[in-house]
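To start, the structure under review is shown below, and the notes come after it.
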Amino acid sequence: MQRVGGLQQTPVSDRPRLDVHCWAETESGAYDLVALTRALLGAMPGVRGGVTVYRVTEVGGPQWLPDSESGQPRYALAVEVHMRGRAF
């Protein structure tokens with residue numbers, strides 16, 4: 001998972017855009033992993049370790065994206081996470 005954009009709205013609220021890549025030995029294994037990841041991301045809203053996650057919006061995917069460097073099967077998806085932390 002890697003942050004690829006998004007906007008910080010206030011000193012304590014953020015909307016990072018994350019690209020998530022899932023590799024496996026087989027195409028079906030990579031799809032199963034991206035499906036599990038998608039479900040877990042969808043279940044994030046709520047308070048997590050002192051951070052309030054308001055919503056997770058899927059902005060792309062899942063999509064088949066074979067890894068040209070390793071040759072491994074890969075699926076990817078992109079999400080935006082709307083969250084609020086706390087000031088230090």
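Just so you know, all these numbers are worked out from the coordinates, no wet-lab data involved. Everything numeric in this text was worked out from a predicted model, so none of it was measured. Glycine gets a Cβ as well: all are built from the backbone with ideal geometry, and neighbour counts include every protein chain shown.
Sorting Met83, Met1, Met44 by the number of Cβ atoms found within 10 Å of their own Cβ, with the fewest placed first, yields Met1, Met44, Met83. Over the chain, Cα pairs under 8 Å with separation of 6+ residues give a relative contact order of 35 percent.
For the chain, the square roots a ≥ b ≥ c of the C-alpha gyration tensor eigenvalues yield an a/c of 1.5 or more together with a/b exceeding b/c, which makes the shape prolate.
Computed from Cα positions, the angle between helix 27-42 and the longest principal axis of the chain comes to roughly 10 degrees. Each of Arg48 and Glu27 was given a label point 7 Å from its Cα along the Cα-to-Cβ line. The distance between the two points is 3.0 nm.
Comparing Glu27, Glu69, Glu58 in a Gaussian network model of the chain, where Cα atoms under 10 Å apart are tied by springs, the biggest mean-square fluctuation is seen for Glu69.
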